[in-house]
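Right, one structure below, let's go through it.
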Amino acid sequence: MDSFEWLHGFKVGFGLHHVNFEDSTRPRTPKYSAHFYHRVIKDNGFPTPEDEKILYGNFAKDFIWSTATASYQIEGGWRADGKGLSIWDKFAHTPLRVFNNDNGDVACDSYNKIDEDVSMLRQLKVTHYRFSVSWPRVLPDGTTNFVNEVGLSYYSHLVDALLKANIQPHITLYHWDLPQALQDIGGWENETIVFKFRDYANLIFSRLGHKVKFWITINEPYNIANVGHGYGAAAPGISFRPGTLPYIVGHNLLKAHAETWHLYNDKYRSKQGGIISITINSDWSEPRNPYKQEDVDAARRVVQFYIGWFAHPVFNGDYSDMMKTIIQKRSLEAGLPKSRLPEFTAEEVKRIKGTYDYFGFNHYTTVLAFPVDYGNLQHYDADRGAGTIADRTWLDSGSSWLKVSPFGFRRILNFIKEEYRNPPIIITENGISERGSVDLNDFHRSYYYEKYINQVLKAYILDGVDIRGYTAWSLMDNLEWATGFSERFGLFHVNHTDPKRPRVAKTSAAYYATIITCNGFPDPATGPHDCLNQEVEGTSVPSTSLPSFNMVNFLGITLSSGEAEKGLYTLFALLIVSSLGVICSLFCFLKTKKYSKEIATIQSVLNS
């Protein structure tokens, strides 16, 4: 337990149990470490937990394997061929909004690199490719008053190139780059956008729908509403009404999605035969202390205010009772005449409920939740009444918010199954970032994909979750929104300092291709398996520029050039230390024998 730590007094605690020295009864409370040490004792060591063991098996034969990008993050061509401005064009050109003042003016230059992008997809052996259409590229002012045919032809050529490569396009209609012209009249706060979005979707369906069978209306409405209009950390960068505006924006996003789903269902489905849904993102949340009911309740609120905010109206009808009750109560207590959460009419509830063909789901990480009392603060975080942290033992990534916690993936997939009556799920994003110096041997990403995809397999085989597909984020390093090019999620590295924007495969690209080829994880006990020995096709750049495969033999071990360099430096340092040790021993010996002349000679050598 925490005790009197000598000169440090009670300021330093080494204990497995916390002792409150300000309380005369000196109560003891177990820390996380106490539970951890108890488990070590109980297990008599460190056996691999059951939920961390690899499950060998396969997904369904028609399982979707995909990777994803978004228009603003990769296309560039921000003023090319009549494209209109987007809110991200304005946001990124505003000083101090994006790290290092990076922007998407050129990005990965995908607007001019269809062939190279498709070549990367062929190398991954994906069956599908998820990308988004830039609303202002096809409708510069956001309305159908003028259609930019040149911009629209880019997507038509991309779709044709994908189909020629036997890759199915999976199109997202809105991935955050709203036409600035619409933002100037209120953007997603203005209810007229519901029908402007439907008109835009109608144009895309009519021009591309005969070739495209997979659609997403809106990507991550939570981020649009709360990050863009609450925290202000993403375009349009609004943060001065955090207690009301996110809920208004979320309300209109749900209605826009529903109207677009009905448009496709009523006008295009019978002719085009596609499927369409919304993509919702969410972390999983665990209680910080699983033995405290307050933390258990906080974790439940985090999930309901995150995934439930948008999933509940679409899959169950209306907002959850939890959200409605809490926000109304806190609004009235603050003296407001009604709840800050807008209400759907009975007709709107009916119109929104059931507007899905699958559950599009983006997931990256897990958080630990605990209760926080924000007083009368009128804000999303105060409404959910919880704070979140990460377990310090979880592996890190290049993003402060993303910690490697695979177990949470299976748990939130089961939550979706139970909460929303086991809808078919297509995982539309999942991945990990890095930052700092470029190392194409991204073993951490291969590890992440192995652990996370295996949790998906467990949910599918062991739990009966209806999972139809998986999408890795992202195809290539791109503009990671407000963090610019500093965080890299790509399976392929893009050198953004090179005007040619060359694409180079990382180690994880070959690993992901292997999982796809095997359609899961073949049991090595029944091997050998042909899928594990597939040759990987070349990239769109010469093989001589693929340092990810630049392996060397160092002391009988095959290492990357970077790892060998570190090993060489380490060996060199040890040799220096060893040599100095020999010299010092000789020096001491001579000193004891009073060899002053010899000592002087050694000193002169060392000084030189």
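The values are calculated or read from the model by the stated rules, or taken from the named source; none is laboratory data. What you see is a predicted model, and the numbers here were worked out from it, not measured in a lab. Cβ: placed from backbone, ideal geometry, glycine included. Neighbour counts: every protein chain shown. Just so you know, the surface numbers come from the protein's heavy atoms only, side chains and all, with ligands and any DNA or RNA stripped out. Shrake-Rupley method; radii C 1.70, N 1.55, O 1.52, S 1.80 Å.
Table: residues versus (1) under 30 Å from Lys451 (Cα atoms); (2) among the basic types (Lys, Arg); (3) touching a Gly at 6+ places or on another chain (Cβ under 7 Å).
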| residue | (1), (2), (3) |
| --- | --- |
| Phe59 | yes, no, yes |
| Asp62 | yes, no, no |
| Ser71 | yes, no, no |
| Ile74 | yes, no, no |
| Trp78 | no, no, yes |
| Asp89 | no, no, no |
| Asp102 | no, no, yes |
| Leu121 | yes, no, no |
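Residue check: Ser239 meets all listed conditions (1) within 25 Å of the chain's Cα centre (by Cα); (2) touching a residue at least 40 places away in the same chain (Cβ under 8 Å); (3) open to solvent by 30 Å² or more (accessible area, probe 1.4 Å) but one, namely (2). On inspection, Ile276 does not qualify as open to solvent by 10 Å² or more (accessible area, probe 1.4 Å) and either among the β-branched types (Val, Ile, Thr) or not in a helix (DSSP H, G or I) (or both).
Scan the range 193-210 and give yes if some residue there is within 20 Å of Arg97 (Cα to Cα), modelled with pLDDT of 95 or more and hydroxyl-bearing (Ser, Thr, Tyr), otherwise no. It would help to see each step written out before you state the result.
Initially, the range 193-210 is screened for residues within 20 Å of Arg97 (Cα to Cα), giving none.
Checked the range 193-210: no residue is within 20 Å of Arg97 (Cα to Cα), modelled with pLDDT of 95 or more and hydroxyl-bearing (Ser, Thr, Tyr).
Restricting Lys417, Lys350, Lys403 to those that are basic (Lys, Arg) and over 17 Å from Trp284 (Cβ atoms) reduces the list to Lys350.
Do we find that Asn252 is more than 29 Å from Ile64 (Cα to Cα) and buried (at least 22 other Cβ atoms within 10 Å of the Cβ) in this structure?
Criteria met by Asn252.
Taking the range 160-182 as the range and being under 25 Å from the mean Cα position of the chain (by Cα) and open to solvent by less than 10 Å² (accessible area, probe 1.4 Å) as the test, the residues that pass are Leu162, Ile167, Pro169, His170, Ile171, Thr172, Leu173, Tyr174, His175, Asp177, Leu178, Pro179. Here Gln73 passes the criteria (1) assigned to a helix (DSSP H, G or I); (2) touching a residue at least 24 places away in the same chain (Cβ under 8 Å); (3) open to solvent by 100 Å² or more (accessible area, probe 1.4 Å) except the one numbered (3). Those residues that are assigned to a helix (DSSP H, G or I) and either farther than 25 Å from Ala510 by Cβ or modelled with pLDDT under 95 (or both), I need them from the range 102-131; list them, please. Result: Tyr111, Asn112.
Hey, any hits in the range 41-49 for a residue that's in contact with a helix residue (DSSP H, G or I) (Cβ under 9 Å, 6 or more places away or on another chain), in contact (Cβ under 8 Å) with a residue 24 or more places away in the chain and within 30 Å of Gln455 (Cβ to Cβ)?
Looking only at the range 41-49, we keep the residues that are in contact with a helix residue (DSSP H, G or I) (Cβ under 9 Å, 6 or more places away or on another chain), and these are 46, 49.
Going one step further and asking which of them are in contact (Cβ under 8 Å) with a residue 24 or more places away in the chain, we end up with none.
Within the range 41-49 (the criterion being in contact with a helix residue (DSSP H, G or I) (Cβ under 9 Å, 6 or more places away or on another chain), in contact (Cβ under 8 Å) with a residue 24 or more places away in the chain and within 30 Å of Gln455 (Cβ to Cβ)), the answer is no, since none of the residues qualifies.
Candidates in the range 370-389 are the residues that are of a type in the set (A, V, I, L, M) and under 17 Å from Tyr306 (Cα atoms); of these, the one that is most open to solvent (accessible area, probe 1.4 Å) is Ile389.
Of all residues in the range 1-58, those that are assigned to a loop (DSSP other than H, G, I, E, B) and more than 30 Å from Thr517 (Cα to Cα) total 26. Close Cβ contacts (under 7 Å, 6 or more residues apart or on different chains) running from residues in the range 409-425 that are within 22 Å of Ala472 (Cβ to Cβ) and modelled with pLDDT of 95 or more to residues that are part of a helix (DSSP H, G or I) and open to solvent by 50 Å² or more (accessible area, probe 1.4 Å) are absent. Among residues of the range 334-352 that are more than 20 Å from Val314 (Cβ to Cβ) and without any contact (Cβ under 8 Å) to a residue 12 or more places away in the chain, those with a Cβ under 9 angstrom from a residue that is open to solvent by 40 Å² or more (accessible area, probe 1.4 Å) and in a helix (DSSP H, G or I), sequence gap 6+ or separate chain, pair up as Lys338/Gln328; Lys338/Leu332.
Which is more than 23 Å from Asp318 (Cβ to Cβ), aliphatic (A, V, I, L, M) and over 25 Å from the mean Cα position of the chain (by Cα), of Val367, Val372? Can you show your working first?
Details: Val367 fails: over 25 Å from the mean Cα position of the chain (by Cα).
Exactly one of Val367, Val372 is more than 23 Å from Asp318 (Cβ to Cβ), aliphatic (A, V, I, L, M) and over 25 Å from the mean Cα position of the chain (by Cα), namely Val372.
Residues are listed down the side, and each one gets a yes or a no for (1) in contact with a strand residue (DSSP E or B) (Cβ under 9 Å, 6 or more places away or on another chain); (2) closer than 19 Å to Arg411 by Cβ; (3) buried (at least 22 other Cβ atoms within 10 Å of the Cβ):
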position	(1), (2), (3)
Ser285	yes, yes, yes
Glu294	yes, no, no
Asp297	yes, yes, no
Val302	yes, yes, yes
Ile307	yes, yes, yes
Val314	yes, no, yes
Gly317	no, no, no
Ser320	no, yes, no
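Take the residues of the range 353-366 that are in contact (Cβ under 8 Å) with a residue 60 or more places away in the chain and in a loop (DSSP other than H, G, I, E, B): which is surrounded by the fewest Cβ atoms within 10 Å (Cβ to Cβ)?
Going through the range 353-366, the residues in contact (Cβ under 8 Å) with a residue 60 or more places away in the chain turn out to be 355-366.
Still in the list and also in a loop (DSSP other than H, G, I, E, B): 355-358, 363-365.
Values: Thr355: 22, Tyr356: 22, Asp357: 19, Tyr358: 22, His363: 23, Tyr364: 26, Thr365: 21.
Among them, the one singled out is Asp357.
When the range 93-107 is filtered for residues that are open to solvent by less than 40 Å² (accessible area, probe 1.4 Å) and closer than 13 Å to Ala233 by Cβ, only Val98 remains.
Just one of the listed residues (Ile64, Ile87) is farther than 27 Å from Lys458 by Cα, open to solvent by less than 80 Å² (accessible area, probe 1.4 Å) and among the β-branched types (Val, Ile, Thr), namely Ile87.
Residue-by-condition table, conditions (1) surrounded by 19 or more Cβ atoms within 10 Å (Cβ to Cβ); (2) closer than 26 Å to Asn414 by Cβ; (3) out of contact with any strand residue (DSSP E or B) (no Cβ under 8 Å at 6 or more places or on another chain); (4) modelled with pLDDT under 95:
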site	(1), (2), (3), (4)
Ser331	yes, no, yes, no
Ala334	no, no, yes, no
Glu343	no, no, yes, no
Val349	no, no, yes, no
Leu368	yes, yes, no, no
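Can you find a residue that is crowded, with 23+ Cβ neighbours inside 10 Å and of a type in the set (Gly, Ala, Ser) anywhere in the range 196-208? Let's see the steps before the verdict.
The initial filter retains those residues of the range 196-208 that are crowded, with 23+ Cβ neighbours inside 10 Å, namely 197, 200-201, 205.
If we keep only those that are of a type in the set (Gly, Ala, Ser) too, we end up with 201.
Checked the range 196-208: at least one residue is crowded, with 23+ Cβ neighbours inside 10 Å and of a type in the set (Gly, Ala, Ser).
Within the range 302-351, the residues that satisfy the criterion of being part of a helix (DSSP H, G or I) and among the small types (Gly, Ala, Ser) are Gly308, Ala311, Ser331, Ala346.
Residue by residue through the range 397-419, note down the ones that are hydrophobic (A, V, I, L, M, F, W, C) and either open to solvent by 30 Å² or more (accessible area, probe 1.4 Å) or over 15 Å from Ser486 (Cα atoms) (or both). Lay out the reasoning, then the answer.
The first filter runs over the range 397-419 and keeps only residues hydrophobic (A, V, I, L, M, F, W, C), leaving 401-402, 404, 407, 409, 412-413, 415-416.
Result: Trp401, Val404, Phe407, Phe409, Ile412, Leu413, Phe415, Ile416.
Here is a yes/no grid of residues against (1) among the small types (Gly, Ala, Ser); (2) in contact with a Gly (Cβ under 9 Å, 6 or more places away or on another chain):
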site: Thr365; (1), (2): no, yes
site: Gly398; (1), (2): yes, yes
site: Leu413; (1), (2): no, no
site: Glu450; (1), (2): no, no
